[in-house]
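Heads up, the thing below is written out as structure tokens.
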Amino acid sequence: MDNNLLFYRTISDILRLFVVPEVEGRVNNGSVKVEELPLELRAFRAIKRQLPDGSIQPIVEINNDINLTLQVKVNQAVQAGEAVTLDKIYPEECFIVPPLYDGQPAAYFLCQTFLLDYFIFFDCRANQLGLSEEEIEELKKATLNYPILKYVEDKEFIDVVNPHEKLQVFINSNWLPAPGYYRHAALYIHQNKTIDYHSFLEVVNQAYSDDFWRKRIAFWQKTRFFEHRIQYIERAIKAHLEKDYIAFFTLVRRSSNSE
């Protein structure tokens, strides 16, 4: 979808229904310290396990809690215990193995972030009533495609470019660091080591494109971030992209004064 509103709404609803209560529970039991908040959320999986008595046990996994199992098709012989690298598989045939409890599949919703992108995967069929043994066996199979190439590409970018380290260069040069720099500005610093104001300004403009802001605004609207300021933020971004800088600063001031 062009505006991604349904996509962001789904993430927002799952966060409110499952993840926020889970984090609050972990804070209450001491497994997450108050000082660790706000929690950096890189991935979460909400699982609804159906118990033998028919009741549902919700399970919420956050970040490293998730033990994601993938099924791949190899293009060469692989020995037991041997590392499976990208050159040994068909990347387009990489699938998520659904979570199993006592040999039974469970409904799940998985969300992961790759740099600035969000990916969601879900299969809720396991909790349907009246499933036959054949249908249950089918639900145990890995059928949802996983973007392994995207994951490896982004991981390599982080490992090689080290964008968090590059953000310190921005700070030292009086540029406000932001996640939007990951793909463009962080790579610029990695290649050039220092900042040339004129060439770097063009890199920043490319990073904060209309497409970038359209996705951010859609997410903020559905999650109700900046709820009373969003109209000014949206108009300010539009003015900036149209190079109407007087209107931009006026709208930013109004946004700062709104509640």
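The values are calculated or read from the model by the stated rules, or taken from the named source; none is laboratory data. As the structure is a computational prediction, the values presented were derived from the model and not from experiment. For neighbour counting, all protein chains shown are included, and Cβ atoms are generated from backbone atoms with ideal geometry for every residue, glycine included.
Kindly provide the set of residues from the range 219-232 that are over 17 Å from Arg16 (Cα atoms), touching a helix residue (DSSP H, G or I) at 6+ places or on another chain (Cβ under 7 Å) and either in a helix (DSSP H, G or I) or of a type in the set (Val, Ile, Thr) (or both), ordered by number. Ile230, Tyr232 - these are the residues of the range 219-232 that are over 17 Å from Arg16 (Cα atoms), touching a helix residue (DSSP H, G or I) at 6+ places or on another chain (Cβ under 7 Å) and either in a helix (DSSP H, G or I) or of a type in the set (Val, Ile, Thr) (or both).
For the structure I just gave you, tell me whether Lys140 is among the basic types (Lys, Arg), surrounded by fewer than 15 Cβ atoms within 10 Å (Cβ to Cβ) and farther than 25 Å from Leu86 by Cβ. For Lys140, the condition - among the basic types (Lys, Arg), surrounded by fewer than 15 Cβ atoms within 10 Å (Cβ to Cβ) and farther than 25 Å from Leu86 by Cβ - is met.
Being in a strand (DSSP E or B) and more than 30 Å from Leu37 (Cα to Cα) is the filter here, so list the residues in the range 59-93 that pass it.
Leu70, Gln71, Val72, Lys73, Val74, Ile89, Tyr90, Pro91, Glu92, Glu93, listed by residue number.
In the range 163-173, of all residues being of a type outside the set (A, V, I, L, M) and either outside the structural domain of Leu241 (by TED's automatic domain parsing) or at pLDDT below 80 (or both), the one that is surrounded by the fewest Cβ atoms within 10 Å (Cβ to Cβ) corresponds to His164.
So is Tyr182 crowded, with 16+ Cβ neighbours inside 10 Å, among the aromatic types (Phe, Trp, Tyr) and modelled with pLDDT of 80 or more or not?
Considered against the rule, which asks whether it is crowded, with 16+ Cβ neighbours inside 10 Å, among the aromatic types (Phe, Trp, Tyr) and modelled with pLDDT of 80 or more, Tyr182 comes out as no.
Taken as a whole, the structure leaves Phe114 outside the set of residues that are under 15 Å from Phe18 (Cα atoms) and either under 17 Å from the mean Cα position of the chain (by Cα) or at pLDDT below 90 (or both).
Here Val160 meets the list (1) of a type in the set (A, V, I, L, M, F, W, C); (2) surrounded by 14 or more Cβ atoms within 10 Å (Cβ to Cβ); (3) without any contact (Cβ under 8 Å) to a residue 40 or more places away in the chain almost entirely, failing just condition (2).
Part of a helix (DSSP H, G or I), under 25 Å from Leu167 (Cα atoms) and modelled with pLDDT of 85 or more: does that describe Arg235? Here the answer is no, as Arg235 does not meet what is asked. Within the range 78-97, not a single residue is surrounded by fewer than 16 Cβ atoms within 10 Å (Cβ to Cβ), under 12 Å from Ile47 (Cβ atoms) and touching a residue at least 40 places away in the same chain (Cβ under 8 Å).
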